[in-house]
Amino acid sequence: MGWPDVDRILGDVRPPAFPPRDFPITLYGAVEHDAGAGIARAIAACSQSGGGRVVVPAGTWHTGAIHLRSRVELHVSEGATLLFSTDPADYLPVVETRYEGLEVRNYSPMIYANGCTDIAITGTGTLDGQGSWDTWWRWFDECDRDFTTLREQSFFGVPVPERVGGPGHRLRSSFVQPYNCTNVLIEGVTVVRSPFWQVHPVLCRNVTIRDVVIDSQGPNNDGIDLESCRSVLVRGCVVDAGDDCIALKSGREADGLRVDVPTEDVLIEDCMLRMKYGAITLGSDLTGGIRNVYVRDCRIDGPYFALYLKTNSVRGGYVENVYLRDVTICDVTKEVVQCNFHRGEGDVGPLTPVVRNVELRDITVQRARNALVLRGYRRSRIDDFRLVDCDFTVDQPSTVQHTVLSFDNVTVNGQLVTDVHQLR
């Protein structure tokens with residue numbers, strides 16, 4: 001394992017290709033004030049014809065849920081905006097999805113595909129979810145009962161078809177969600193005012209997300225969430241999110257154990273990551289495991305944490321083989337890296353987390369509160385955590401407990417670190 005393994009990942013990631021046929025939505029009855037039915041007809045015609053591009057021309061197009069089909073590229077042209085309804089009824093019937101790592105039948109994501117092969121969202125236009133505290137975001141304060149019920153259903157093994165959200169409930173849906181799809185491309189579009197998590201592939205294989213701009217500051221508005229996915233490239237994206245910028249997940253608690261699909265083989269490169277919590281986050285829904293994650297040539301500016309590994313004995317799971325290289329970090333308001341097994345619920349569960357083989361190499365930190373908070377368990381140390389050729393400028397000492405930490409040519413505030421106690 002190590003950086004040479006990136007070539008294998010890149011060899012496994014191939015964007016889908018589509019026949020050179022266009023299906024303009026205007027030919028299928030779409031008008032700006034009511035485009036949903038015309039978009040659906042264009043997608044159906046495109047798929048039935050063997051595939052091609054469904055083209056959204058310049059203009060502002062009002063729509064509800066859009067469901068992609070195999071071999072369909074949804075192309076949002078320059079000057080085009082897909083303006084999504086704020087009426088929950090426009091996202092029915094309920095569909096198979098996940099809410100914070102738990103399986104549920106809930107309101108449809110705004111752009112959704114299930115079980116498809118070769119799908120894409122491209123173009124330089126805008127996807128606008130119209131999220132605000134007057135619409136979707138207020139559900140953030142109204143979902144506790146529904147989420148508690150869903151966790152109980154997961155714990156007691158209630159079949160997924162019997163876990164129904166939708167009308168009468170307050171579980172927000174993701175904005176863009178390919179679910180159980182193969183060969184996925186999301187390229188060029190700008191995503192704003194998301195209702196919830198913004199780009200959220202689940203159980204997908206061969207995913208390319210490149211040159212996407214994400215700008216949504218709503219509550220728990222993660223930018224890109226990769227959940228139980230394999231062979232993923234995230235390249236050239238700008239993410240300004242109300243929560244984690246790029247988060248890797250693999251299911252939660254009982255559902256994570258039952259489904260048992262890790263997120264693995266992920267390359268993140270040439271991205272600009274801003275605000276708010278973790279720039280690169282692994283967890284907290286990682287019961288199914290995360291491995292083989294590579295981050296290079298990125299700039300991180302302004303979040304609480306640059307690398308945030310979130311788990312405890314309630315979530316469990318494993319994180320292994322995580323490599324960051326050539327990353328510039330500015331104005332991190334807390335620590336550069338946090339991996340704290342005592343966070344959240346703490347050590348009160350039956351699952352022992354495992355974190356091992358994490359390397360930061362050629363990292364420049366221009367300002368942070370502190371470099372590290374690494375707190376494992378006595379029974380499960382954070383193992384083989386390495387700093388190589390790193391330069392930190394920080395305000396406070398680090399915290400390192402039950403961690404096997406090594407460093408090579410590491411400076412903190414201009415002083416070469418020769419002993420772990422110099423970090424504290």
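Here, each number is a calculation from the coordinates, and none is a lab measurement. What you are looking at is a predicted structure, and each value in this text was computed from that prediction instead of being measured. Cβ: placed from backbone, ideal geometry, glycine included. Neighbour counts: every protein chain shown.
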Spin-label pair ASP34/LEU257, simplified geometry with 7 Å Cα→Cβ offset, distance in nm: 5.1 nm
Report the label-to-label distance for ASP270 and ASP362 in nanometres (one decimal), using points 7 Å from each Cα along the Cα→Cβ vector. 1.6 nm
Inverse mean reciprocal Cα-Cα distance (Kirkwood Rh) of region 210-291, Å: 12.7 Å
Could you derive backbone 3J(HN,Hα) for region 94-109 from the dihedral phi with the Karplus parameters 6.51, -1.76 and 1.60 (θ = phi - 60°), listing whole Hz in sequence and x where the residue is Gly or Pro? 5, 10, 6, 7, 10, 10, 6, x, 10, 7, 7, 9, 9, 3, 5, x
How long is the gain from ARG379 to ALA44 if the chain were fully straight, where each residue apart is worth 0.36 nm and the alpha carbon distance is subtracted? 115.1 nm
Using unit Cβ charges (K, R positive; D, E negative) and no other charged atoms, how large, in debye to the nearest 20, is the dipole of region 115-184 about its Cα centre? 100 debye
Name the residue from TRP197, MET272, GLY165 whose Cα lies farthest towards the positive end of the charge dipole of region 5-303, charges +1 on Cβ of Lys and Arg and -1 on Cβ of Asp and Glu. GLY165
Is there a quick way to get the dipole size of the chain? I mean about its Cα centre, with the Cβ of Lys and Arg at +1 and of Asp and Glu at -1; what is the value in debye to the nearest 20? 620 debye
Apply the Karplus parameterisation 6.51 cos²θ - 1.76 cosθ + 1.60, with θ equal to phi minus 60°, to every residue of region 201-218 and state each ³J(HN,Hα) to the nearest whole Hz, in sequence, with x for glycine and proline. x, 10, 6, 9, 10, 6, 10, 10, 10, 9, 6, 9, 10, 10, 9, 8, 10, x
Can you compute the label reach from ASN220? Point 7 Å from Cα along the Cβ direction, backbone N cut-off under 18 Å, restricted to region 161-186. 163-177
Would you mind calculating the relative contact order of the chain from Cα pairs under 8 angstrom and at least 6 residues apart, reporting the percent as a whole number? 9 percent
Net charge around THR81, counting only other residues with Cβ within less than 10 Å of its Cβ (Lys, Arg = +1; Asp, Glu = -1)? -2
For the chain, give me the percentage of DSSP beta bridges that are antiparallel, rounded to the nearest 5 percent. 5 percent
What is the list of residues in region 104-146 whose amide nitrogen lies under 19 Å from a point 7 angstrom out from the Cα of ASP87, following Cα to Cβ? 107-111, 128-132, 134-137
Which percentage, to the nearest 5, of the DSSP beta bridges contained in region 1-151 is antiparallel? 20 percent
Could you work out the local net charge near LEU150, counting Lys and Arg as +1, Asp and Glu as -1, over the other residues with Cβ closer than 15 Å to its Cβ? -2
Taking amide H positions as placed 1.01 Å from N in the peptide plane, with prolines and chain starts having none, which residues 5 or more places from LEU185, or on another chain, fall under 5 Å of its amide H? ILE119, ALA120, ILE121, THR208
Report the full-extension gain for the segment ARG105 to ASP419: residue separation times 0.36 nm, less the Cα-Cα distance, to one decimal in nm. 107.8 nm
Given Cβ charges of +1 for Lys and Arg and -1 for Asp and Glu, the option among VAL76, PRO350, VAL232 whose Cα lies farthest towards the positive end of the dipole of the chain is PRO350
Kyte-Doolittle mean at least 0.5 and Cα axial length at least 30 Å: DSSP H helices in the chain: none
If one computes P(r) from the Cα atoms of region 58-127, what percent of pairs lie at distances over 13 Å? 68 percent
Quick one: grab Rg to one decimal and Dmax as a whole number for region 1-152, Cα atoms only, in Å. 17.9, 53
Using the crude model of +1 on Lys and Arg Cβ and -1 on Asp and Glu Cβ, and no other charge, please compute the dipole size for region 159-298 relative to its Cα centre, in debye to 20. 220 debye
Could you give the alpha-carbon Rg of region 5-303 over 2.2 N^0.38 Å, rounded to two decimals? 0.93
For region 235-246, Karplus couplings with θ = phi - 60° (6.51, -1.76, 1.60), whole Hz, Gly/Pro x: 9, x, 9, 10, 10, 10, 10, x, 8, 6, 6, 10
Tell me, in nm to one decimal, what length is gained between VAL404 and ARG14 on full extension, where the rule is 0.36 nm per residue of separation less the Cα-Cα distance? 136.7 nm
